[in-house]
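Have a look at this one.
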Amino acid sequence: MANKVIISCALTGAIHTPTMSPYLPYKPEDMARQSIDAANAGAAIVHLHARNPENGKPTQDPEIFMQFLPHIKAATNVVINITTGGSIRMTIDERISAALRLKPEMASFNMGSMNFATYPLGRKFKDWKFDWEQPYVEGTDDVIFRNTFRDMRKIIKELGEGCGTKFEFECYDLGHLYNLAHLVDEGLVKPPFMVQTIYGILGGMGADPENLVHIRTTANRLFGKDNYYWSILGAGRHQMNLVTMGAIMGGNVRVGLEDNLYLGKGELAKSCADQVSKIRRILTELSLDIASPDDVRAMLGLKGVANVAF
Ligand code: KMH
Ligand code: ZN
């Protein structure tokens, strides 16, 4: 089991906006369809944010999640992971509201306060589809993505202990591994757990291959190599090459339009499933086995799909 690679797929996130790609899903029917297609293509986990169906603006409204979650659940066996990152301007209460209501098997968990700047992306666009997009993207030069230890303890208590949800611990920097090790030392996080390491966000560590080696070595030392599942997320054009390198090093992979809009050089991905199919082909060529959703449930000790509230 430990040798199987988990493919996570993050559908829409809160980085990209509708102007940046016509394929970025934000309507509930597109969220459902792209999630189902990604699962059928080989994703064992879908990482989900929600958007206002009219204009694509990030929202954590549980009612919007409810417009697509039951469809995904009915059509697939995929593990559903709901964001608690939301978007970087939301309060912590807003960010955890959807997961607290819907009690998913998994939720994201951000491991430190940081800059999270996407404003350079905005320079490519002059005409924006919706009014909210340009100030949203350009204003990221003056926003702090807040994740204090008090915030983290609140998520563990209310969502982890309260709802039986397990976490995708998102680490954007070396220090975030040490923050997670602190929570482990305090007895608040227990193995086995999933460590999603993120490269290429402006404000976090860069997408340099050397960082993978250092992060892997440090995580093994801090957590013990059998106590956690390492996953790799490369933002933007670094996505496929970094996750491939990570998989060769024994890691799991995350793809999806949340973190990269492209399939190859200059070619927009027409769906998340396109990216899942591509990494699945690469992994298969490398003789690596792909984990099923039930493999993930066994690996991470998830509570099971019968125990979610949607
Ligand atoms: N898009 C990732 C780099 C979350 O949802 O909690 C950040 C993310 C945060 O996935
Ligand atoms: Zn996310």
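Among DSSP beta bridges whose residues both lie in the chain, state the antiparallel percentage, nearest 5.
Taking every DSSP beta bridge with both residues in the chain, the antiparallel ones total about 20 percent.
Pop a pseudo-label 7 angstrom from the Cα along the beta-carbon direction at both Thr217 and Asp289 and give the gap in nm to one decimal.
With each label placed 7 Å out from Cα toward Cβ, I get 3.1 nm.
Follow-up. Filter the GluC sites (Glu not before Pro) in the stretch 142-218 to those in DSSP coil with at most 14 other Cβ atoms within 10 Å of their Cβ, and list the result.
Glu186
Something else: Label points 7 Å out from Cα along the Cβ direction at Arg153 and Met245: separation in nm?
If labels sit at Arg153 and Met245, their model points lie 3.8 nm apart.
In terms of modelled amide H atoms, which long-range or inter-chain residues lie less than 5 Å from the amide H of Leu48?
Asn81, Ile82, Thr83
Helix-only estimate, please: 222 nm mean residue ellipticity of the chain, summing -39500 (n - 2.57) across DSSP H runs of length 4 or more and dividing by its residues, to the nearest 500. Intermediate values should be presented prior to the final figure.
Values: 12 runs with 112 residues, N = 310.
Value at 222 nm, helices only: -10500 deg cm²/dmol.
Further question on the same structure: Nearest 20 debye, what's the magnitude of the dipole of the chain about its Cα centre given +1 on Lys and Arg Cβ and -1 on Asp and Glu Cβ?
320
What nm distance separates the two modelled labels at Leu268 and Glu29, each placed 7 Å from Cα along Cα→Cβ?
With each label point 7 Å from Cα toward Cβ, the separation is 1.9 nm.
How much length is gained on full extension from Asn55 to Glu138, taking 0.36 nm per residue of separation minus their Cα-Cα distance? If you can, show how the numbers build up before the last one.
Numbers: separation 83, 0.36 × 83 = 29.88 nm, distance 1.76 nm.
Taking Asn55 through Glu138 to full extension adds about 28.1 nm, to one decimal.
Gain in length, Ala306 to Arg89, computed as 0.36 nm per residue apart minus the alpha-carbon separation, to one decimal in nm? List each step's numbers first, then the result.
Details: separation 217, 0.36 × 217 = 78.12 nm, distance 3.28 nm.
That works out to 74.8 nm of additional length.
Turning to a different aspect of this structure: What is the calculated FRET efficiency for Ala181 to Phe130, with r their C-beta to C-beta distance and R₀ = 30 Å, to the nearest 0.05?
Between Ala181 and Phe130 the formula returns 0.15.
Read-outs: derived from the displayed coordinates by stated rules, not from any lab. Given the structure is predicted, the values throughout are model-derived calculations rather than measurements. Reconstructed Cβ throughout: ideal geometry from the backbone, glycine too, with neighbour counts over all protein chains shown.
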